[in-house]
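Here is the structure we will look at, set down as structure tokens.
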Amino acid sequence: HYINIYEDNGQTLVESFEFADGTNNRDTEVSISGGNKLVINPDNNLTYGTPYYITVDAGAIEGTDATIFQGFSESTFWRFTTIQQPLVTTYLPTQDATDVALNTNIELTFDKPIQFNSTATTHYINIYEDNGQTLVESFEFADGTNNRDTEVSISGDNKLVINPDNNLTYGTPYYITVDAGAIEGTDATIFQGFSESTFWRFTTIQQPLVTTYLPTQDATDVALSTNIELTFDKPIQFNSTATTHYINIYEDNGQTLVESFEFADGTNNRDTEVSISGGNKLVINPDN
């Protein structure tokens, strides 16, 4: 006679325990405690968020007075659903996002409070470039903490926030993997994570790309009064940071600096000679 555990999705048999001749076929997992309690420790843990039911054949269990427990076979009689793992409600960047900022944080918002992996076994969250699966950054989680505590935190008790050590690269596809066990619910449930390169991926914003150089590259016979022009594939502006950056013109005989143009705080030091035309064309009219 049998005691069976089924998944209630499709009535899949999960485990079966045989009883005959006063014993069972799984004596390390099945026992009688205190004389009147049948204890079954399934060989494998059950699965998160899954409905189960149990059947007990008539005759699998007897009273010591030779009476027969009649059991039950209905899928609706003894059923239950396991606790749900932490589930992600929001990905940032969103899955398959494009034009993601280089300094973006990586965030996972869950449906319940979370904590870092509490076991001694190290689990990882990894960021990869999707060109060749190059590992960009790796974050370790073990013993309730992580190895990058200045870059990894839990915000508002249910949001994992990762601030990568270095900004991402322009126009690059990335994907992120999360090991099962790296993140837990505070109720001791384990986030099962994901390892597929296609699951959580995104592409960073593209830098402005030059579509036209004037003079053209390697041009000859260029007029002495020519303007220097760069036409881009998107609208542009001058450097908006406080750090000064330069555009320089050199003579190619000895690399002599001819003119230098400074850009900072959204402007430049030669505003009568440097302008943006049509939103996407940088025009420089050299002083000489």
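Per-structure values
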| quantity | calculated |
| --- | --- |
| Search result, residues across the range 45-86 that are exposed (fewer than 15 other Cβ atoms within 10 Å of the Cβ), hydrophobic (A, V, I, L, M, F, W, C) and either over 45 Å from the mean Cα position of the chain (by Cα) or in a loop (DSSP other than H, G, I, E, B) (or both) | A58, A66, I68, F77, W78, I83 |
| Residues that are aliphatic (A, V, I, L, M) and buried (at least 17 other Cβ atoms within 10 Å of the Cβ), drawn from the range 105-130 | I106, L108, I114, I125, I127 |
| Residues located in the range 172-208, provided they are out of contact with any Asp or Glu (no Cβ under 8 Å at 6 or more places or on another chain), surrounded by 14 or more Cβ atoms within 10 Å (Cβ to Cβ) and of a type in the set (G, A, S) | A180, G181, A182, G185 |
| Those residues of the range 11-38 which are among the basic types (K, R) and modelled with pLDDT of 95 or more, in sequence order | K37 |
| Among residues of the range 216-241, those that are more than 12 Å from L282 (Cβ to Cβ) and surrounded by 10 or more Cβ atoms within 10 Å (Cβ to Cβ), counted | 7 |
| Matching residues, the range 61-70, being in contact with a strand residue (DSSP E or B) (Cβ under 7 Å, 6 or more places away or on another chain) and either touching a residue at least 40 places away in the same chain (Cβ under 8 Å) or among the hydrophobic types (A, V, I, L, M, F, W, C) (or both) | I61, I68, F69 |
| When residues of the range 136-154 are limited to those that are in contact (Cβ under 8 Å) with a residue 24 or more places away in the chain and surrounded by fewer than 19 Cβ atoms within 10 Å (Cβ to Cβ), the one farthest from Q95 (Cα to Cα) | D143 |
| Lone unmet requirement of (1) within 26 Å of G193 (Cβ to Cβ); (2) among the polar types (S, T, N, Q); (3) surrounded by fewer than 13 Cβ atoms within 10 Å (Cβ to Cβ); (4) modelled with pLDDT of 95 or more for Q133 | (4) |
| Any hit, the range 39-56, residues being among the polar types (S, T, N, Q) and more than 26 Å from G10 (Cα to Cα) | no |
| Residues satisfying the stated conditions in the range 250-274, i.e. exposed (fewer than 15 other Cβ atoms within 10 Å of the Cβ) and not acidic (D, E) | Y250, N253, G254, Q255, T256, L257, V258, S260, G266, T267, N269, T272 |
| Verdict on F19 being more than 19 Å from T189 (Cα to Cα), more than 44 Å from the chain's Cα centre (by Cα) and surrounded by fewer than 16 Cβ atoms within 10 Å (Cβ to Cβ) | no |
| Selected residue (criterion: nearest to the chain's Cα centre (by Cα)) from residues of the range 156-195 that are polar (S, T, N, Q) and under 21 Å from T119 (Cα atoms) | T177 |
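The values are calculated or read from the model by the stated rules, or taken from the named source; none is laboratory data. Given the structure is predicted, the values throughout are model-derived calculations rather than measurements. Positions of Cβ are backbone-derived with ideal geometry, glycine not excepted, and every protein chain shown enters the neighbour counts.
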